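Student: Sharing a structure, written as structure tokens. Questions coming.
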Amino acid sequence: MTSLLAQAQAAWSDAVSQLRYTLNRADYEAWVRDARPISFDGETLTVGVANSYARDWLESRLQSTLETYLRALLNRPIKLVFVVSGNRAEKASGTIVPQAAPISRTPHLDLSALSLRLRDALIQPHRVVFIPGYFLRWLPYIGTRAGWLYVALRQAHFLANTTPHGPGHKIPSGQAVEVQRATLAYWSNLTPRTINNILNRGLLKPLVRVERDRHLYANRQAPNRYIFTADLPLTPHDFQKVMQFLEAHGLEQDPLAALAQAVQLPASFFLAEIPSGEAADLPEQVQTVREAVAEHLQRLHLPQEETAKALQMAELLETAILESAGKLFITWYFIQRHLPRLGHTLAWIYIALRHEAERGGQRGAGGFRILRKSAREIAWQARLKKIRYVRDLIPPLPLDAPPDIHTPPAAAFVRREASRSAAFKIAVQTVDPLTPEDEAAYRVATMLMASCIQQKDFSLLVTLQELMKAGKMEEALGLLRRATSTTAPNDILGRAAEALAALSTEAPKISLGEDADFPQGGQNLPAA
């Protein structure tokens, strides 16, 4: 039995690792990270979780996926059972017994999950813009402001489709989106004039085709139409490195053998570096590896079966390179709340460092992860003209010091050690921090919850939720102000009331983009 449990624990670790980069960071930390296999009889794997929220979330969201992974890893049918492994539920034998839900007319709140639930209600981590992590390799070519415009275009395209796109879904090839300039300005924190300048300079021409000067009728101009490709293309340097390898290994003589050698190599082999000091010039047009290989095959006149196989291998090679960097998740909260405070360049520096830290950083304190980077590497990726700008943007602070009122806003996201060496340690926050306004709202919400817990009476919370559901905001704010004796302004009280209204004893309803309160097509500005 011990051997079976050890096998199950190893398989569980592998399965969770496969899911790690397809899940939102906050979801993983809240519900998956602390789950542990506690018994296994060869068919049923019992997994202990911290609280009832984690149990319900895993059952509703990941049970079938995890069972599929475990079935393949253990080579046997697997049935998962999630139980709350609290101390009172543990017997001397180590068997975990699910705890019975208390019979009460008031909500039963798991205090260990309360902090996460309140913060999630403010941040809404399920609302994200996702793009391939490979996009970070395009930043040196297009620049940080054009990078945020691309994110805004992806978001406008997402909102224009009734079927949400999440991890594993691709934007249909050639599908266009029409969007007003004001909406792009909202999602990119750029002015309409700057957006015009970026489009006029053609900074996004390798990634997005723009149809301009379109007229609805004689005196009215239609919005620009933006057409995306299904996937990001390879950067010019990466594409050149792939084709040089294929040509050096006999693409003209034996394309199948050359492609077979390329497919067997790790994707990182084909990630080229732009030479130091070289301008990252944009090509007039980009070409896929499949298209380049197809041109070579036309001259060879191979049998149809061999041609089809070669094209399939070329597409597989390019896909492996594009997917080698995983997915890049940027919450709506970050775009709406933090991007205006950080600025476009520092925001991209943070996003790029966070993506790298999540994949291989050393764990630090307070949600930070530690990387060792050189200023030159960061400056190249953010397209900074001078390396010293990196040291100016990233504040030098002790890596484990908690933030206070005197800490620069940027230090809540990224900080560096005070070192003059070429490479230095950087601490990167991997969980979206709250803005100062939302921190104040969080404290107000916590005050009400503390009062309810102390009095063992949740009628105030129930009443507040009913008022918010009925749209009686003024009454809800008055109730919250009286209950907490706070002098906070109404905008902070409103955020606190929204967070408290989102608390529920039901399993969290988490999705990527579903039920978003944003207009279809992006023709009007979303409410801030």
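Student: Ranking Glu29, Glu295 by Cβ neighbours within 10 Å, fewest first, what do you get? Walk me through the numbers on the way to the answer.
Tutor: Values: Glu29 16, Glu295 9.
So the residues, fewest neighbours to most, are Glu295, Glu29.
Student: For Asp120, Asp34, Asp56, what ranking results if the residue with the fewest other Cβ atoms within 10 Å of its Cβ goes first?
Tutor: The fewest-first ordering by Cβ neighbours comes to Asp34, Asp56, Asp120.
Student: For the pair Glu323 and Ile387, what calculated FRET efficiency results from E = 1/(1 + (r/R0)^6), where r is the Cβ-Cβ distance and R0 = 35 Å, to the nearest 0.05?
Tutor: My answer for the efficiency is 0.70.
Student: Follow-up. Given a Förster distance of 25 Å, report the FRET efficiency between Glu59 and Glu29 from their Cβ-Cβ distance, rounded to the nearest 0.05. Mind dumping the intermediate values first?
Tutor: Values: r = 19 Å, r/R0 = 0.74.
Rounded to the nearest 0.05, the efficiency is 0.85.
Student: Sort 186-196, 297-307, 391-401 by packing, meaning the average of other beta carbons within 10 Å per residue, with the highest value first.
Tutor: 186-196, 391-401, 297-307
Student: Further question: Which of the peptides 259-265, 288-294 is most tightly packed, and how do the rest follow, judged by the mean count of other Cβ atoms within 10 Å per residue?
Tutor: 288-294, 259-265
Student: Let me ask something else about it. What is the ratio of the Cα radius of gyration of segment 343-429 to 2.2 N^0.38 Å, with N the residue count, to two decimals? Write down the numbers at each step before the final one.
Tutor: On the way: Rg = 11.8 Å, N = 87, 2.2 N^0.38 = 12.0 Å.
Relative to the rule-of-thumb radius for its length, segment 343-429 sits at 0.98.
Only the coordinates and a few stated rules stand behind these numbers; no lab work does. These numbers were taken from a predicted model, which means no experiment stands behind them. Positions of Cβ are generated from backbone atoms using ideal geometry, with glycine treated the same way; all protein chains shown enter the neighbour counts.
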